[in-house]
Amino acid sequence: MKQPIWHIDAFTSKRFGGNPAAVVLLDGWLPEAVLQAIAAENNLSETAFIVPRDAHYDIRWFTPTVEVPLCGHATLASAWVVMNRLDTALSRVVFHSRSGELPVSRDGERLVLDFPAATIAPAAQPKPISTALGGQPEAVFEGFQWLVVYASEQEVHALAPDMDALLATGIHGVIATAPGEDCDFVSRFFAPVDGIAEDPVTGSAHTVLAPFWAQRLGRDSLHARQISKRGGELWCELAGERVLIAGQAQSYLEGSIEI
C-alpha cells in the first residue's frame with residue numbers, strides 16, 4: 001500500500017532552514033504501532049498524519065519515539081500541503097486534534113496557526129531544571145512545557161544542556177528564552193523525553209512564550225526567533241485564550257511511502 005508523503009521545512013522562508021516535518025496523507029487511521037514505525041523511519045522531529053473529515057482533517061503527530069498532543073511546525077507543514085497540493089483554492093483549513101480544533105489561515109506568504117494558549121506557574125522546585133539547562137536563569141516556570149528565562153540572547157545561545165539530566169526530570173519540553181537583539185524574544189527548545197534533543201523551531205512552545213512576553217512587554221503582537229542551528233522566525237499575537245502563530249514554509253520533497 002502506497003501513501004503520499006511530503007517533507008516540508010516550516011517556519012522559514014529558505015529551504016534547509018526552519019524545522020523539517022513529514023506530512024503523510026491517509027484514507028483512514030492505521031494502527032498506532034504502524035504510525036509510530038513510520039515516524040521512526042522518517043526520523044524527523046515530527047511526522048504529521050492527516051485524514052480527511054468532510055471539509056476538514058483529523059491530525060496526529062509523532063516524534064520518532066512517541067505521539068505528542070500538539071505540534072506547531074508539523075501543523076503548519078500540513079496546512080501548506082493542504083493549501084498548495086490538495087486544494088489550492090483553500091485559504092483556511094481546520095484540523096481536529098487531541099488539543100481541539102486548530103484552524104490555519106493563509107495571510108499572504110505566511111500561514112497563521114490558531115492554537116490554545118498554555119498556562120504556566122512559578123516552579124516549586126526549579127533547581128534540577130536550572131542545573132540541567134545551565135547558565136544563571138532569572139526565573140523558572142512549570143507547566144506541560146517548562147519555561148526558563150534568561151537576561152540576554154547570548155546566554156540562551158551559549159547554553160549546552162546536560163541531556164541526560166534533562167531526560168531524568170521527565171519533563172516533556174524545556175524552553176529557554178530571553179529578550180531578542182533584533183526581535184522581541186528568542187528561544188531554544190529541548191525535549192529529550194520525547195526523543196528530541198533540541199527542536200529546530202517549536203510552534204507549540206510559542207503557546208507558552210507569547211502570553212509570557214505579551215505580559216512582560218505590554219503588547220499582544222510579537223516577533224520571535226528560535227535560535228537553533230537551523231533557526232526559525234515566527235510572528236505571534238495573543239488573542240484572549242488563543243495564540244496566533246504565523247510563519248512561512250518551503251517544500252523539500254514529495255513522493256510516496258510503502259506500508
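The values are calculated or read from the model by the stated rules, or taken from the named source; none is laboratory data. These numbers were taken from a predicted model, which means no experiment stands behind them. Neighbour counts run over all protein chains shown; Cβ positions are idealised from the backbone, glycine included.
Among the residues of the range 226-240, those that are farther than 23 Å from L166 by Cα and surrounded by fewer than 24 Cβ atoms within 10 Å (Cβ to Cβ) comprise E233, W235, E237, L238, A239, G240.
When the range 1-28 is filtered for residues that are over 18 Å from the mean Cα position of the chain (by Cα) and either under 19 Å from A77 (Cβ atoms) or assigned to a strand (DSSP E or B) (or both), the ones remaining, listed by number, are K2, Q3, P4, I5, L25, L26. Summed over the range 226-237, the residues that are outside any loop (DSSP other than H, G, I, E, B) and closer than 30 Å to A40 by Cβ give a count of 4. Out of all the residues in the range 62-71, is one or more in a helix (DSSP H, G or I) and modelled with pLDDT of 95 or more? Within the range 62-71 (the criterion being in a helix (DSSP H, G or I) and modelled with pLDDT of 95 or more), the answer is no, since none of the residues qualifies.
Of the listed requirements (1) modelled with pLDDT of 95 or more; (2) over 22 Å from G247 (Cβ atoms); (3) basic (K, R), R53 misses just one: (1). In the range 238-253, what residues are closer than 19 Å to S13 by Cβ and part of a strand (DSSP E or B)? Within the range 238-253, L244, I245, A246, G247, A249, Q250, S251, Y252, L253 meet the criteria. Being closer than 19 Å to I196 by Cβ and either modelled with pLDDT of 95 or more or within 16 Å of the chain's Cα centre (by Cα) (or both) is the requirement here; does D114 meet it? In short, no. Determine, yes or no, whether L147 is under 23 Å from W6 (Cα atoms) and in contact (Cβ under 8 Å) with a residue 12 or more places away in the chain. Criteria not met by L147.
Of the strands (runs of 3 or more DSSP E) lying entirely inside the range 84-203, those carrying at least 3 residues that are of a type outside the set (D, E, K, R) are 92-97, 100-107, 110-116, 139-142, 145-149, 173-179, 185-191. With respect to the conditions (1) assigned to a strand (DSSP E or B); (2) out of contact with any helix residue (DSSP H, G or I) (no Cβ under 8 Å at 6 or more places or on another chain), F212 lacks only one, and its number is (1). Within the range 176-200, if we keep just the residues that are at pLDDT 95 or above and within 15 Å of V68 (Cβ to Cβ), the residue that is surrounded by the fewest Cβ atoms within 10 Å (Cβ to Cβ) turns out to be P192.
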